[in-house]
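No lab work stands behind these numbers, since they all come straight from the coordinates. Predicted, not measured: the structure shown is a model, and the values here were computed from it. Backbone-built Cβ (ideal geometry, glycine too); neighbour counts: all protein chains shown.
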Amino acid sequence: MTKICNIAVFEGDGIGPEIMAPTLGILRQLADRTDAYGFRFLPVPAGAAHYARTGESLPAASLETARGADAILLAAMGLPDVRYPDGTEIIPQIELRIALNLYAGLRPVKLSPTQFSPLAREGRKPVDFVLIRESTEGLFHNLGGGVVTENEARETLLITRAVSEKLFAYAFRLARQRRDSGRGRGHVTCVDKANVFKAFAFFRSIFDAEAAKHPDLTADHAYVDATALWMVQKPHVFDVMVTENMFGDILSDLGAGLMGGLGLAPSADIGDDAAVFQPCHGTAPDIAGKGIANPLAMILSAAMMLDWLGHEHGVPEMIADGAALDVAVDRVVSSGRGLTPDLGGTADTNVAAARVMEEYLSAMAAA
């Protein structure tokens, strides 16, 4: 029986529609090749441009469509010249995380020995780890609620047992899944600052309690400052890392830098009942409409969606296609052909996406 998945599609702002269109085209082509699954794409309005037109950044109807979908695919939202009356940025993607309780933010970091990176190539070992960022609490929980007086400013960090237990349980499930698929060794690292802050000592104690439930996996801790150093010096030692919201926000951009930029950085925000898949980069309004936006992070996010949906619904063909799409992007990047200007190439958005599909089809023909 064919599994039809309803996908809420937020094209967003700036280059969002330009990178979403070829990504949906690839997903349609993959679905056309199998009887195992299919998609029903549900376009939903939101974002800064929508706010400028209507006064709403995330309409209630869009949120309800997203809540009822099997997964949510989001390009990028926000524009520098469109703000709320108080001057703050329009970021419905964060509103989605909170409204849908998407507590586990996945930021994969993958780097082959031949791929461009600021790290030296000679003798470089393959890098393949996932940073899990708690996405609803931490230093972000009080978003917009900080207190500022003439002489001081205060923000409040929040870590709760309920969310942390779910976060760590997910981290260990992912580590086992990666180990069983041959991508990791079944190891989880808790990144914190437990030597200084009571909140992080609490965070670590919950992690240790979860680790004790998984004797077939291994676990350790690392302070966030040391982790930043090791991500540059020896990123190959990591498998699954899990951390607080603000630490994860910073370290995930470091991970993107290791891969050569945000144009290769996909992400997912996972909850108990919903999941959003989106590239880590912004809307790049300076190049919007020029047809040169890099679609690879968007395509990699779609590959993550395939993997997640496949595991959620027991459709191994989706899992296999997600992995194959990930490999196809790796081959495009390693070959140097079909890269957009941000990665040193001359290809436009559609050519880059077409090259990914060519690599996918080539791999399928050889299998």
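Of P118, G14, G78, which is farthest towards the positive pole of the chain's charge dipole, taken about the Cα centre with +1 and -1 on the beta-carbons of Lys, Arg and Asp, Glu respectively?
P118
Considering only F247, G260, T156, whose Cα is most displaced toward the positive end of the charge dipole of the range 105-272, charges sitting on Cβ of Lys, Arg (+1) and Asp, Glu (-1)?
The residue sitting most towards the positive pole is G260.
Considering only DSSP beta bridges where both residues belong to the range 105-272, give the percentage that are antiparallel (nearest 5).
Bridges in the range 105-272 that DSSP calls antiparallel: roughly 45 percent.
Note the full-extension length gain between K125 and E56 as 0.36 nm times their separation in residues minus their Cα-Cα distance, in nm to one decimal.
Gain in length upon complete extension: 20.1 nm.
Mind running the shape call on the range 285-367? Use the C-alpha gyration tensor, a ≥ b ≥ c as the square roots of the eigenvalues: rounded below 1.5 for a/c, prolate if a/b tops b/c, oblate otherwise.
Since a/c reaches 1.5 but b/c is at least a/b, the shape of the range 285-367 is classed as oblate.
At a Cα cut-off below 19 Å, give the lysines reachable from K213, other chains included and same-chain residues fewer than 8 away excluded.
Excluding near neighbours in sequence, the set is K166.
Using the Cα centre of the range 105-272 as the reference point, and only Cβ charges (+1 on K/R, -1 on D/E), how large is the resulting charge dipole? Debye, rounded to the nearest 20.
Rounded to the nearest 20 debye, it is 700 debye.
In nm, to one decimal, how far is the modelled label at E155 from the one at D220, with both set 7 Å along Cα→Cβ?
Rounded to a tenth, the inter-label distance reads 3.0 nm.
Would you look at the GNM of the chain, springs on alpha carbons closer than 10 Å, and say which of F129, F207, F41 moves the most?
Of the options given, F41 has the highest mean-square fluctuation.
Give me the Debye-computed log₁₀ of I(q)/I(0) at q = 0.14, 0.19 Å⁻¹ for the range 160-260, equal point scatterers on Cα only, no solvent, two decimals.
Each listed q maps to, in turn, -0.51, -0.96.
Explain nothing, just the number: dipole magnitude of the chain about its Cα centre with +1 on each Lys and Arg Cβ and -1 on each Asp and Glu Cβ, in debye rounded to the nearest 20.
About 880 debye.
Give the long-range amide H neighbours of L79: residues separated by 5 or more places, or on another chain, with amide H under 5 Å away, using H modelled in the peptide plane at 1.01 Å from N.
Amide H neighbours of L79: A48, I90.
Between V147 and M246, what's the calculated FRET efficiency when r is the beta-carbon distance and R0 is 22 Å? Round to 0.05.
Computed FRET efficiency for V147 and M246 comes out at 0.80.
Could you state the principal axis extents of the C-alpha atoms in the chain, from the largest down, to the nearest angstrom?
56, 51, 45
Any aspartates and glutamates with Cα under 20 Å of the K193 Cα? List them, leaving off those in the same chain fewer than 8 positions away.
Those aspartates and glutamates meeting the cut-off are E134, E137, E155, E165, D208, E210, D220, D225, D239, E244, D249, D253.
5 Å is the cut-off here: which amide hydrogens, built 1.01 Å from N in the peptide plane, fall below it relative to G345, excluding neighbours closer than 5 in sequence?
T340
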